[in-house]
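To keep things clear, I will list the structure first and then write my remarks on it.
The values are calculated or read from the model by the stated rules, or taken from the named source; none is laboratory data. These figures come from a predicted structure and were not determined experimentally. Heads up, the Cβs are rebuilt from the backbone with ideal geometry, glycines too, and the neighbour counts pull from every protein chain shown.
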Amino acid sequence: MLVPLQLVLAARPFLGIEGAPELSIPVALLWGVVVGWTFATVGAFGGILAAVGHITVLGLGGFASSVAETDPELSRRVTDSIRVSNQWLVGFSALVACLSYARERRLVPPLSVSLGAGAVVGSVLVPLLSAGRLSLRSYLGYFGGFTLLVGAYLLWESRHRRRSLRGEVRLEEVSLRRVRFTFSGKSYSFPPVLPFIAGFCVGSVASLLGVGGGFLYVPFLTSVLRLPYYIVAGTSALAVLVGMSVSITTYMAVKKVAVDFTLLLAELAGVALGSFIGSKTSARLSEVHLRVLFALLAFYVGLRYLSMGFLGESLLPP
């Protein structure tokens, strides 16, 4: 039994590429725990940490950068693999969240379908248009800008209390022109075309950067459709799951983007464990303090990757 275990835990080059970083399965597992715990406690920053793990912790970004001049095609292949690997972790985390929200009846299925349909269109078009074309520097620049946006959102959210409305969603009317439902004694309605457009925009960004983008749905659902946050979280998680599933399928089945499944299995196991730990510890931690902490970390990570992408070097240590 010891030899097979040693073989499983042994470091191996990414995708079997000569000169690629030696991937440590224990490190991948532990980073997955960090990502899963973050998704369960803070949410929005989990997708950022998934990307940071692949780019920096596991060294894939450095490898893609090192071969950018000598083998640009390989560099773009590794960049695509980073994006899709991020999506696997985000999609799995969204699945875990959806199972919990469904049990609590915190989903509005017609709204999720409308958001998901738009996300499907964006999640198909972006891989078809960008796979094999996006350089690591461009990806880092765009990702850095997105991370700064996440930091601003976390900081804003830490200063605004959510109303704790609770209840069950009850559908009253579903048609192509209008969806109407009641929640906590109040009636809500919307035209399905609006969430379709929002889903397309968010799905496109999420597919391009390999992040969930679930937090981008929140301002639309709470400010435009004026829905209570209690059902927004579950509905946006389901839309993210749909978008990530379609994006992953398009990248891998249509554009033939390769991922390291040994690495992914270790990370997904870590995400599952981290999500469980997060569900048990989140009630004991200050949500406001956590969001401020991760907002500051997002500003650091965002500025670092933004400068690396658009200036060619990091303005911040290390």
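If the condition is being under 13 Å from Asn86 (Cα atoms), surrounded by 23 or more Cβ atoms within 10 Å (Cβ to Cβ) and within 16 Å of the chain's Cα centre (by Cα), then the stretch 251-276 contributes Tyr251, Glu267, Val271.
Set side by side, the residues Leu134, Leu129 differ, and just one is modelled with pLDDT of 90 or more, in a helix (DSSP H, G or I), over 18 Å from Ala239 (Cα atoms) and of a type outside the set (Ser, Thr, Tyr), which is Leu129.
Here the condition is being without any contact (Cβ under 8 Å) to a residue 60 or more places away in the chain and out of contact with any strand residue (DSSP E or B) (no Cβ under 9 Å at 6 or more places or on another chain); of Leu89, Leu30, Leu74, it holds for Leu74 alone. Residue by residue through the stretch 243-302, note down the ones that are in contact with a Leu (Cβ under 9 Å, 6 or more places away or on another chain), of a type in the set (D, E, K, R), assigned to a helix (DSSP H, G or I) and more than 24 Å from Gly145 (Cα to Cα). Scanning the stretch 243-302 gives a single hit, Glu267.
Considering the conditions (1) more than 23 Å from Ile231 (Cα to Cα); (2) at pLDDT below 90; (3) aromatic (Phe, Trp, Tyr), Tyr153 is excluded by exactly one of them, (1).
Within the stretch 59-110, restricting attention to residues that are among the acidic types (Asp, Glu) and more than 17 Å from Phe143 (Cα to Cα), the residue that is surrounded by the most Cβ atoms within 10 Å (Cβ to Cβ) is Asp71. Gly19 meets each of the listed conditions (1) in contact (Cβ under 8 Å) with a residue 12 or more places away in the chain; (2) part of a helix (DSSP H, G or I) apart from (2). Report, by residue number, each residue of the stretch 103-113 that is in a helix (DSSP H, G or I) and more than 14 Å from Val240 (Cβ to Cβ). Matches in the stretch 103-113: Arg103, Pro109, Pro110.
Listed here are the residues, each with its yes/no results for (1) modelled with pLDDT under 95; (2) under 15 Å from the mean Cα position of the chain (by Cα); (3) on the phi > 0 side of the Ramachandran plot.
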residue: Val3; (1), (2), (3): yes, no, no
residue: Gly16; (1), (2), (3): yes, no, yes
residue: Pro21; (1), (2), (3): yes, no, no
residue: Ala40; (1), (2), (3): yes, yes, no
residue: Gly46; (1), (2), (3): yes, yes, no
residue: Ala51; (1), (2), (3): yes, yes, no
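The set of residues from the stretch 206-221 being under 17 Å from Leu241 (Cα atoms) and surrounded by fewer than 20 Cβ atoms within 10 Å (Cβ to Cβ) comprises just one member, Val218. Checked across the stretch 174-189, the condition of being among the aromatic types (Phe, Trp, Tyr), closer than 21 Å to Leu225 by Cα, buried (at least 16 other Cβ atoms within 10 Å of the Cβ) and without any contact (Cβ under 8 Å) to a residue 40 or more places away in the chain holds for at least one residue.
Conditions (1) of a type in the set (D, E, K, R); (2) without any contact (Cβ under 8 Å) to a residue 24 or more places away in the chain, marked per residue:
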{"residue": "Ser247", "(1), (2)": "no, no"}
{"residue": "Ala253", "(1), (2)": "no, yes"}
{"residue": "Val257", "(1), (2)": "no, no"}
{"residue": "Val271", "(1), (2)": "no, no"}
{"residue": "Ser275", "(1), (2)": "no, no"}
{"residue": "Lys280", "(1), (2)": "yes, yes"}
